Amino acid sequence: MAMTDVRDKWALITGASRGIGYLTAKFLAEKECNLILHGRTLEATAGVLKEVTALGVDAYCVAADFEDLSQVEKMLAEIDAKGTHVDIVVNNAAFQSPYRHEYLKTPSSDFSLSFTVNTIAPAMICYHFLPKMLVEGFGRIANTTSGITLDPQQAGYSASKAALDKITIDIGSKVEGSDIMINLADPGWCRTDLGGPNAPNSPESSLPGIVVGIFVNDKKSGRYFGAQDFAGKTLEEAVAYAQAEYESPYPEQE
């Protein structure tokens, strides 16, 4: 089964200024995919824009602080106004709440801020672009999640990602069997600004696994792709492995 060809398609990458979002942008540009690069400010993604356009793709930057949902709405309206048809969404931007050693004193703000940035903002983006994908009959959404479990010291962050998992899986059940696919990607604990310097994995190890949900072509959604399971594989090997070993979480239809 051939993998998805992203040449000349348009992908929105949130949190593209650094870390895994930056690496994803470079990876997709090398595959000749045009890019919308999101950052909190336009200045944050200016350097990435130069790098990806040097590879020959079309690209532009948008800015929004996801702590303010009105800025998310404004960003989406700006993309619409430019007339860009977004084929691919990589919901990568995230907020990591502080590590609470005294976890029973976790402030409510950890939850409210985490859910705003990590759950509501990406859900808004999914809801915005999915109808257009349904009309066109093609789309790929990769929602970045987290494998954190049994760690109440990070409750705000992990709970917000669990909520995004639920949204992704539930939406996926409605597009299962079509060429619109929405899946989850967990980069693993990587040495990024969010993951910190003590993480065991390099950011580069998240590729190609973090983008495998974009390139699979088997009409299955709702899957959880752990990027570290694909470390060291070529993209072609990663896609073949994903399509052979990862099943949708839905009961088979009779």
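The values are calculated or read from the model by the stated rules, or taken from the named source; none is laboratory data. Because the structure is a prediction, the values reported are computed rather than measured. Heads up, the Cβs are rebuilt from the backbone with ideal geometry, glycines too, and the neighbour counts pull from every protein chain shown. Remember, those area values only see protein heavy atoms, side chains included, never the ligands or the DNA or RNA. Shrake-Rupley method; radii C 1.70, N 1.55, O 1.52, S 1.80 Å.
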Under 27 Å from the Cα of Lys26 - lysines, other chains or at least 8 residues apart
Lys9, Lys50, Lys74, Lys82, Lys132, Lys161, Lys219, Lys220, Lys233
Residue-count net charge about Ile148 - beta-carbon cut-off 12 Å; Lys, Arg +1, Asp, Glu -1:
-2
Report the accessible area of Glu30, computed with a 1.4 Å probe over the heavy atoms of all protein chains in place, in Å² rounded to the nearest 10.
110 Å²
Remind me, relative contact order of the chain in percent, using alpha carbon pairs under 8 angstrom and six or more residues apart?
17 percent
For Glu32 and Ala163 in one chain, what is 0.36 nm times their gap in residues minus the Cα-Cα distance, to one decimal in nm?
43.9 nm
With Thr106 itself left out, Lys, Arg at +1 and Asp, Glu at -1 over residues whose Cβ is under 13 Å from its Cβ give -1
With every protein chain left in place, what is the accessible area per residue of the stretch 6-136 in square angstrom, probe 1.4 Å?
47 Å²
Probe 1.4 Å, all protein chains in place: accessible area of Asp87 in Å², nearest 10?
20 Å²
Would the chain count as rounded, prolate or oblate if I go by the C-alpha gyration tensor, calling it rounded below 1.5 in a/c and otherwise prolate when a/b exceeds b/c, oblate otherwise?
rounded
Can you send over the carbon and sulfur percentage of the accessible area for the stretch 1-136, probe radius 1.4 Å, protein chains only?
52 percent
Relative contact order, percent, the stretch 36-134 [alpha-carbon distance under 8 Å, six or more residues apart]:
25 percent
Can you tell me the dipole magnitude for the chain around its Cα centre, using point charges on the Cβ only (Lys, Arg +1; Asp, Glu -1), in Debye to the nearest 20?
380 debye
Ignoring the sites themselves, what is the longest stretch of the chain with no trypsin sites (Lys or Arg not before Pro) in a DSSP loop and at most 15 other beta-carbon atoms within 10 Å?
83-218
